[in-house]
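Undergrad: Take a look at this one; I'll ask things after.
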Amino acid sequence: MTDSLRQAWEDQADAWAAWARAPDHDMFWHHTWPALAALLPEPGDLTLDLGCGEGRLGRELTALGHRVVGFDSSPTMVRFAVTHAQPLTAVLADIAHLPVRPGVADLAVGCMSFHDVDDLPGAVHDAAAALRLDGRLCLAIVHPINSAGAFADRTPDAPFVIRGSYLDEFRYSDDVERDGYTMTFHSMHRPLEAYTRAFEHAGLLLEALREPAFRGPASVAEFHGWDRLPLFCLLRARKP
């Protein structure tokens with residue numbers, strides 16, 4: 001396995017851009033983004049897109065009136081973001097070492113990126129430092145229940161099984177093929193407590209936690225059961 005999550009995502013950058021940009025292909029469009037958008041405050045002076053990837057979240061935020069600067073540790077991802085027909089201002093940087101002044105942003109958003117970082121406490125710390133007082137950090141992550149286990153089979157009523165420890169952190173990869181697109185997703189399983197402890201240590205107060213039921217294509221066996229358990233988790237924290 002690749003040494004760092006940072007390098008693993010650089011290696012998958014071309015595949016990810018194709019996957020993310022295929023119209024209505026990814027569950028971002030009909031599940032993750034609507035749920036995340038519902039948690040966001042109104043646009044302020046500056047929004048940070050942390051782990052911006054090829055730029056799709058930043059483009060959606062811009063369409064809502066946010067002034068967005070994206071950050072990603074993958075050079076190829078940043079190149080995709082800044083060269084899109086709707087270019088995103090993006091900076092090559094590890095989000096655990098943000099090159100910004102303290103207190104510059106009203107909002108920081110990490111959409112499906114914070115479970116893919118090598119240094120979660122560092123990423124939350126730097127996001128908090130970049131926020132103004134009363135600023136918000138909003139995250140969408142793979143739900144730790146999801147990453148801890150799996151359904152026994154792909155029948156609609158299959159039991160969900162955790163064979164190891166939900167409480168231990170571990171690296172994992174998922175090879176996925178859908179509609180002619182292939183991706184290897186590299187991530188870190190961490191219990192939900194790891195995220196809330198990172199908020200606590202960074203001086204952030206948790207305001208909201210959502211576990212939305214999946215509203216995807218029920219006819220696809222890959223998604224059987226996810227109307228009973230949460231695929232994703234969304235969190236909003238405030239800097240007091």
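Undergrad: Would you please classify the overall shape of region 91-162 from the alpha carbon gyration tensor, given that a ≥ b ≥ c denote the square roots of the eigenvalues, rounded means a/c under 1.5, and beyond that prolate means a/b larger than b/c while oblate covers the rest?
TA: Verdict is prolate for region 91-162.
Undergrad: Now a separate question. As a test of the definition: which semi-axes, in Å, follow for the chain when you take the square root of five times each eigenvalue of its alpha carbon gyration tensor? Largest first, please.
TA: Taking √(5λ) for each Cα gyration eigenvalue gives 27, 21, 18 Å.
Undergrad: Based on the mean of other beta carbon atoms within 10 Å per residue, what is the order of 225-232, 66-73, most packed first?
TA: Ranking the peptides 225-232, 66-73 by packing returns 66-73, 225-232.
Undergrad: If you restrict to DSSP beta bridges whose two residues both lie in region 5-238, what percentage is antiparallel, to the nearest 5?
TA: Bridges in region 5-238 that DSSP calls antiparallel: roughly 60 percent.
Undergrad: I need the per residue convex hull volume for region 148-223, using only the alpha carbons, in cubic angstrom as a whole number.
TA: So the per-residue Cα hull volume is 140 Å³.
Undergrad: Taking θ = phi - 60°, what integer Hz values does the Karplus form 6.51 cos²θ - 1.76 cosθ + 1.60 yield along region 32-44, in sequence order, with x for Gly and Pro?
TA: Values, residue by residue: 5, 5, x, 5, 5, 4, 5, 8, 6, x, 5, x, x Hz.
Undergrad: Can I ask one more? Under 10 Å from the Cβ of residue 9, count the other residues' Cβ atoms, weight Lys and Arg +1, Asp and Glu -1, and hand me the total.
TA: Once all neighbours under 10 Å are counted, the net charge is -3.
Undergrad: Next up: Can you tell me which of 112-123, 75-86 comes out highest on packing, and rank the rest after it, using the mean Cβ neighbours within 10 Å?
TA: Packing proxy ranking, top to bottom: 112-123, 75-86.
Undergrad: Describe numerically, in nm with one decimal, the distance between label points set 7 Å from Cα along Cα→Cβ at residue 4 and at residue 184.
TA: Each label point is offset 7 Å from its Cα along the Cβ direction, giving 1.8 nm.
We did not get these values from a lab; they are worked out from the coordinates using the rules stated. Small disclaimer: the values here were computed from a predicted structure and weren't measured. Methodologically, a virtual Cβ is constructed for each residue, glycine included, from the backbone with ideal geometry; neighbour enumeration extends over all protein chains shown.
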